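Trainee: Structure incoming, see below.
The values are calculated or read from the model by the stated rules, or taken from the named source; none is laboratory data. What you are looking at is a predicted structure, and each value in this text was computed from that prediction instead of being measured. FYI the Cβ positions are ideal-geometry reconstructions off the backbone, even for glycines, and counts take in every protein chain you see.
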Amino acid sequence: MGCGASFSPAAHERINSNAVIAITSSAITQQELIKSNQSTPAMSSATINVLITCHQNEKNVADRLRSQLIDLKFNCYVLVDAMPQSTVARANLIQWCDVFISIISRSYQRALFCMETINYAKYHGIPIVVILAESNFQPYGALGVISAGAVHTMLLDDDGISENVLAQLSDALVNQKIKKNSKNVTDPAKMEANNDKVNLIHGETQCTILICTVDDGAAVAQLVYEDFVSNNLNVEFENLSQPNAACSVRQCNVLVPILTARFEQTPMCRGALEEARRLQKPIVPVIATKDWRPEDWLDLTIAGCEVFRIFDNESAYEAFLDSSRMSGLRADVTMRCRPVPSRAEREKAEIKSLKEKIQECKGKLKTWPPAHKLRTLSILTDRQAVRVTLSELNAQPDVTHMHETISRSDIKAPAPMVDEYGFSKRREVDCMISYEWDNHKLVRQIYEDMTMREIRVWFDIWGSMQGNASETMATGVECAKVLLVFLSKAYTESPYCLMEFRYAVKRGKAFVVLRTEPNIQLDQWMLDAIQGFPEYEIYSYNALETLINGVSTIDVIMQAVRYVGHAQPRYLVDDCSAELFWLRCLFDDALNAISVESGQSRFKTCTRCGQQFEEHTEGGCKNHPAHFMDGTILESRWVCCQQQGKRAPGCNPCNHTDVVRVFTQNPSVGTWAWVPT
């Protein structure tokens, strides 16, 4: 993706996630939470303040850990997913802490308010310590990105918080460099349970989109309102500064708050946003004041949102490629207006199908249940990508490179990595481009070349960062076989680029590196990550025309992307519920048991790519849809993708096959092809 302070000059500031996720209603009352925290020692400048965050399912573990840390003289509080409800209290707790401990589980990953708090802590640079509560679950998406950059990660023992885990945790806490908090933070023990409650006056205006603001944001709100009306969107506008103002947040599908300093200071505005959070309505915020950033409760509320900056008509419609801030806002709001099925609803079909398949397996086995295979993951260590030795390309006569500039009207942008509901598509791609925004022109040119060679690429230059930036970026990393990294000094200085690169290392992704300027200094961990992978010096686009053994550099790079990617194993991302994960494991165990009892191998070997596959597997392989030239004009090249060699990896997605394939010549034209393809 394009990394930078605002990700793109014309775009909006993107801040992590705004996925609307169903959560379980909390059985813990606010009074219970405050009572459990009353024994916290008085604040001391010499004591480290620790905040433990978790889903309510892990609250017992968090309470035991808190008690143990208090015995070790740490100040400690527990913050669960939905309690306290007040955004003021939640923001104050996070600002109060010196170290943020996150007990991560499947439930935590799916809880909107858990993700909101860890995003907020990450944005403010608070050291994050991750405790993984489940040995068979690895965080993914935005949570995976944040946890990959944690200052310390540990796995919860089967028997809870052991002495070993506690000792590791204590060492990690005392070794953190504590930043002096310049903000006026209230001692959590002195905060009243309901001292900041807002009595929101509810309006009855029915609408799909509700724009709300106060007087100093009214001009921008009117601008957005008129644009939405002109595009036939069902929208209403409410100024909460007006006498006897009421807010119709309960009646809308999407809330678009126009944020200003006065908005942040208005209790009714906080009440409106807290009500939207409680009802899990999508919030698409617009900042209407230059050089201003929300703080405290408002900053927490938008920590999980994509933020648009629109100050006037000029900033709203300033063109960038074929887009603008206003068109981006309109597209995002339109996407969020669609009815969003819950994750549970989306998984029902697979659960039903798996139960039917499991019943079929049960009838084929002599004993039930089948032997269970342990599925503990090595989640504390980074996966290791496969390094390959690339053969040298050569061509006689020389094959020069001709670049075709392609407009967006001629070629489609990379398809979004999330669907219309903001959920990950898990669409496998050959390559993800990782770059800092200063290189966006070079990136676009090379993307055009890759597209002409039938390489499936994802990056965000044409707005494919749809919806939620961190989630989409993480999905891009998870779905790509290779990261094509445009390495520059600015890249190494960008926290967003480094966060993306670090997550790719965690996920065991392969790299092809293009150094876009000389004398780039890398930290040792980055040098270790790219060691053994292809690197090229590309200081300008003209460098791609340089011939290496008669082959243009761009084709050498494309070969590297294909062959390095082809060597990588496929990893599935466990992004499902605990119930669905258990059913998948049971079905897998049943298939293994059937294979053992029948004496027949469960897997076949693909005669095209050499991978193991099951007969019912869809996709996972590639063929060449066009023919192979073996003449003097295009020597040893596939017409479809310009690759050399008859055994070059395919470029067209297809199913695996175990049929014997023969390389056959068409005598009428002299071309070759594999039969079957």
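Trainee: Of all residues in region 620-639, count the ones that are modelled with pLDDT under 85 and in a loop (DSSP other than H, G, I, E, B).
Mentor: 7
Trainee: Right, here's the next one. Do you know which of the residues in region 305-325 that are part of a helix (DSSP H, G or I) and of a type in the set (Gly, Ala, Ser) is surrounded by the most Cβ atoms within 10 Å (Cβ to Cβ)?
Mentor: Filtering first and then ranking leaves 316.
Trainee: Sticking with this structure for a sec: Give me the residue from region 644-653 that is in a loop (DSSP other than H, G, I, E, B) and at pLDDT 85 or above and, out of that set, nearest to the chain's Cα centre (by Cα).
Mentor: Going residue by residue through region 644-653, those that are in a loop (DSSP other than H, G, I, E, B) are 645-651.
This time we only want the ones that are at pLDDT 85 or above, so: 646-651.
On the way: 646: 37, 647: 35, 648: 32, 649: 28, 650: 28, 651: 26 Å.
Among those residues, the one meeting the criterion is 651.
Trainee: Quick one: would you say residue 541 is touching a residue at least 60 places away in the same chain (Cβ under 8 Å) and not assigned by TED's automatic domain parsing to the domain that holds residue 493? Don't jump to the end; show me each part of the working.
Mentor: Numbers: touching a residue at least 60 places away in the same chain (Cβ under 8 Å): yes; not assigned by TED's automatic domain parsing to the domain that holds residue 493: no.
For residue 541, the condition - touching a residue at least 60 places away in the same chain (Cβ under 8 Å) and not assigned by TED's automatic domain parsing to the domain that holds residue 493 - is not met.
Trainee: Got a number for residues in region 256-304 being over 19 Å from residue 90 (Cβ atoms), surrounded by 22 or more Cβ atoms within 10 Å (Cβ to Cβ) and not β-branched (Val, Ile, Thr)?
Mentor: Residues meeting the conditions: 2.
A quick yes/no check of all residues on (1) of a type in the set (A, V, I, L, M, F, W, C); (2) over 30 Å from residue 110 (Cβ atoms):
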position	(1), (2)
533	yes, yes
538	yes, yes
541	no, yes
553	no, yes
571	no, no
574	no, no
586	yes, no
596	yes, yes
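Trainee: On the basis of being at pLDDT below 80 and not charged (D, E, K, R), does residue 340 make the cut? Before you say what the answer is, go through the steps one by one.
Mentor: Working: at pLDDT below 80: yes; not charged (D, E, K, R): yes.
The answer is yes for residue 340.
Trainee: Check every one of the helices (runs of 4 or more DSSP H) wholly within region 480-585 and list those with 2 or more residues that are more than 26 Å from residue 388 (Cβ to Cβ).
Mentor: Values: elements: 489-493, 495-506, 524-530, 553-566.
Where helices (runs of 4 or more DSSP H) fall fully within region 480-585 and carry at least 2 residues being more than 26 Å from residue 388 (Cβ to Cβ), they are 489-493, 495-506.
Trainee: Same structure, new question: Within region 203-230, restricting attention to residues that are among the hydrophobic types (A, V, I, L, M, F, W, C) and out of contact with any Asp or Glu (no Cβ under 8 Å at 6 or more places or on another chain), which residue is farthest from residue 273 (Cα to Cα)? Reasoning before the result, please.
Mentor: Let us first name the residues in region 203-230 that are among the hydrophobic types (A, V, I, L, M, F, W, C), namely 207, 209-212, 214, 218-221, 223-224, 228-229.
Subset that is out of contact with any Asp or Glu (no Cβ under 8 Å at 6 or more places or on another chain): 214, 218, 221, 224, 228-229.
Working: 214: 13, 218: 17, 221: 16, 224: 19, 228: 21, 229: 23 Å.
Here the answer is 229.
Trainee: Answer with yes or no whether residue 212 is within 20 Å of residue 249 (Cα to Cα) and crowded, with 21+ Cβ neighbours inside 10 Å.
Mentor: Working: within 20 Å of residue 249 (Cα to Cα): yes; crowded, with 21+ Cβ neighbours inside 10 Å: yes.
Spelling it out, residue 212 is indeed within 20 Å of residue 249 (Cα to Cα) and crowded, with 21+ Cβ neighbours inside 10 Å.
Trainee: Just name the residue that is surrounded by the fewest Cβ atoms within 10 Å (Cβ to Cβ) out of those in region 235-251 that are polar (S, T, N, Q) and not in a strand (DSSP E or B).
Mentor: Step one: filter region 235-251 for residues polar (S, T, N, Q), giving 239, 241-242, 244, 248, 251.
Retained after the next criterion (residues that are not in a strand (DSSP E or B)): 241-242, 244, 248, 251.
Working: 241: 17, 242: 11, 244: 5, 248: 18, 251: 15.
For region 235-251, the residue satisfying everything is 244.
Trainee: Hey, could you check region 441-472 for residues that are modelled with pLDDT under 85 and in a helix (DSSP H, G or I) and say which is farthest from residue 517 (Cα to Cα)?
Mentor: That would be 471.
Trainee: Something else about it: For region 486-512, how many residues are among the aliphatic types (A, V, I, L, M) and either surrounded by fewer than 21 Cβ atoms within 10 Å (Cβ to Cβ) or within 10 Å of residue 436 (Cβ to Cβ) (or both)? Even if it seems obvious, please write down each step before you answer.
Mentor: Applying the first criterion (among the aliphatic types (A, V, I, L, M)) to region 486-512 yields 487, 490, 498-499, 504-505, 510, 512.
Retained after the next criterion (residues that are either surrounded by fewer than 21 Cβ atoms within 10 Å (Cβ to Cβ) or within 10 Å of residue 436 (Cβ to Cβ) (or both)): 487, 490, 498-499.
Of the residues in that region, 4 qualify.
Trainee: Which of the following residues is acidic (Asp, Glu), out of contact with any helix residue (DSSP H, G or I) (no Cβ under 8 Å at 6 or more places or on another chain), in a loop (DSSP other than H, G, I, E, B) and modelled with pLDDT of 90 or more: 589, 658?
Mentor: Numbers: 589 fails: in a loop (DSSP other than H, G, I, E, B).
When all the criteria are applied, what remains is 658.
Trainee: A further question follows. So residue 647 fits all but one of (1) surrounded by 13 or more Cβ atoms within 10 Å (Cβ to Cβ); (2) closer than 23 Å to residue 551 by Cβ; what number is the exception?
Mentor: The single condition residue 647 does not satisfy is (1).
Trainee: For region 194-217, state whether one or more residues are without any contact (Cβ under 8 Å) to a residue 12 or more places away in the chain, of a type outside the set (Val, Ile, Thr), out of contact with any Leu (no Cβ under 6 Å at 6 or more places or on another chain) and within 24 Å of residue 317 (Cα to Cα).
Mentor: no
Trainee: Name the residues in region 261-297 that are under 23 Å from residue 339 (Cβ atoms) and either outside the structural domain of residue 244 (by TED's automatic domain parsing) or among the hydrophobic types (A, V, I, L, M, F, W, C) (or both), would you?
Mentor: Result: 272, 273, 276, 279, 283, 284.
Trainee: Which numbered condition trips up residue 111, out of (1) under 23 Å from residue 270 (Cβ atoms); (2) in contact with a helix residue (DSSP H, G or I) (Cβ under 8 Å, 6 or more places away or on another chain); (3) buried (at least 22 other Cβ atoms within 10 Å of the Cβ)?
Mentor: Among (1) under 23 Å from residue 270 (Cβ atoms); (2) in contact with a helix residue (DSSP H, G or I) (Cβ under 8 Å, 6 or more places away or on another chain); (3) buried (at least 22 other Cβ atoms within 10 Å of the Cβ), the lone unmet condition for residue 111 is (2).
Trainee: Among (1) over 25 Å from the mean Cα position of the chain (by Cα); (2) closer than 22 Å to residue 457 by Cα, which single condition is residue 518 missing?
Mentor: Here residue 518 clears every test but (2).
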